[in-house]
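Accompanying notes for the structure given below.
The values are calculated or read from the model by the stated rules, or taken from the named source; none is laboratory data. Keep in mind that what you see is a predicted model, and the values were worked out from it rather than measured. Please note: Cβ atoms are built from the backbone with ideal geometry, for glycine as well, and neighbour counts cover all protein chains shown. Accessible surface is based on the protein model in full, side chains and every heavy atom, while ligands, DNA and RNA are left aside. Shrake-Rupley method; radii C 1.70, N 1.55, O 1.52, S 1.80 Å.
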Amino acid sequence: MSPRHDAAAGRDRLSALPDDLLHLILRRLDAWQTVRDLSLLSRRWRRLWATSPFVTLTRSSHLERFGSNLLLRRDPSAPLRVFRLRTLCSYYCTHHEFQRQWLRDVMGRGGLRVLELQLRCSHEFRLPDCLFTCATLEEINLTASSSWKTISPKSVCLPRLKKLNLKEMLIDPSAVEKLNSGWPALEDLNLHRCWLGSFEVSSETLRTLSITDCTYTEIRVSAPNTASLKLTVSGKVNLSDMPSLVSVWMYISDGPPGYHLAPSCAYDLLAALSSAQRIELFRFELLPQDIVQKAAIEGLLFSNLKSLYVGEWLVTDFYNTLAFFIPRAPNLAALTLDQWKLYQRHNTDGDLSSSHVSRKRKPSTCDKLKLLPAVPRSLEMLLIRLSKGDDIEEFRKMRSVLKEKTKPRDTEVVVF
């Protein structure tokens, strides 16, 4: 029967759907909408929220009475699998105590698998200790939007945790060892804009590791089964061997004032990436160039490397990147040199030769390029994106030499 006939006959086809499908619909809605608005649709919808395994409380539903009554009146036999809490409070607000109670409530019920907290608070929001001892949690997402929130648990026991995302959180140094021993099944760790101090990651199960735009003095990583690595290098980094690496994204930052990455540290950092198949590398020229000589002596090879992306480069920085990777990547199939993000970061007029980019000019690298060994025939694609204002004449001089050395099957140059 058509929907028009159903409407004429007064049939409610939406309410005829099984509970599992209706719960998936409710999953995308705030609890306030679910209780107040959907209950008006039909009798069946009036108590559907009470059995939903997904609960979301946002700033439109943060009132103490509503949140407390919602959790109190849920069907006690219905499991709660996903709980999202998005706070918005001023320095003088008082309902954060209720929110902590909600967290203790939902984790005390048992069966919670996913917890998502967005803490938009100007004051210190203390995370309850039960958050770090919930035996059923498989995924935790913690975000602080206005100021760092401290993670300093008394103990950590998260035996089923597989995914942890932290944004703008401060990890107390005393908690590092507890965290490493308390997540034996962790597979995905994502830290963004966090304060880490001296931080260590030690895991045999970790598959994906991302540490970006974080503040730290030292990071030590021992995760031999990691397949995907994303890292902003702005301090001392010590990576143990990663034989399972497939893809790498690395941004070399200027670091704090007076900071310089030692040549030995830079070499060890790149040597740990030698098994990767795909590498995206930004600002390679900031690494000490002594590593080129050391790599030649030590015989460092990137035998598995098939795709190399070099971002935020200037034409006059061209040689160092190629001199390091080309002789050591015999199976390289795709090489991309891209200035676009450098252009976006520093400039608005399309001219990278302006004062927006404070780098010293280097002499012509054409003669140096002629000394490069030819790349094996495996190279299939050479893609270059550059600004019209960045040493375009110098690039034209080098292009013929580069094509001769690399001999790609396909070359594309995009000028913006």
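With the requirement that a residue be open to solvent by 20 Å² or more (accessible area, probe 1.4 Å), touching a strand residue (DSSP E or B) at 6+ places or on another chain (Cβ under 7 Å) and either more than 21 Å from residue 143 (Cα to Cα) or modelled with pLDDT of 75 or more (or both), what does the range 59-107 give you?
Hits for the range 59-107 are 81, 84, 86.
Could you look through the range 115-137, keep only residues that are modelled with pLDDT of 85 or more and closer than 18 Å to residue 56 by Cβ, and pick out the one that is surrounded by the fewest Cβ atoms within 10 Å (Cβ to Cβ)?
Taking the candidates together, the pick is 116.
I'd like to know if the range 306-318 contains one or more residues that are open to solvent by 10 Å² or more (accessible area, probe 1.4 Å), at pLDDT 80 or above and among the charged types (D, E, K, R).
Yes, because at least one residue in the range 306-318 is open to solvent by 10 Å² or more (accessible area, probe 1.4 Å), at pLDDT 80 or above and among the charged types (D, E, K, R).
Each row is one residue, and each column tells you yes or no for (1) in contact with a helix residue (DSSP H, G or I) (Cβ under 9 Å, 6 or more places away or on another chain); (2) hydroxyl-bearing (Ser, Thr, Tyr); (3) closer than 29 Å to residue 286 by Cα.
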position	(1), (2), (3)
157	yes, no, no
162	no, no, no
194	no, no, yes
197	yes, no, yes
205	no, yes, no
216	no, yes, yes
224	no, no, yes
230	no, no, yes
240	no, yes, yes
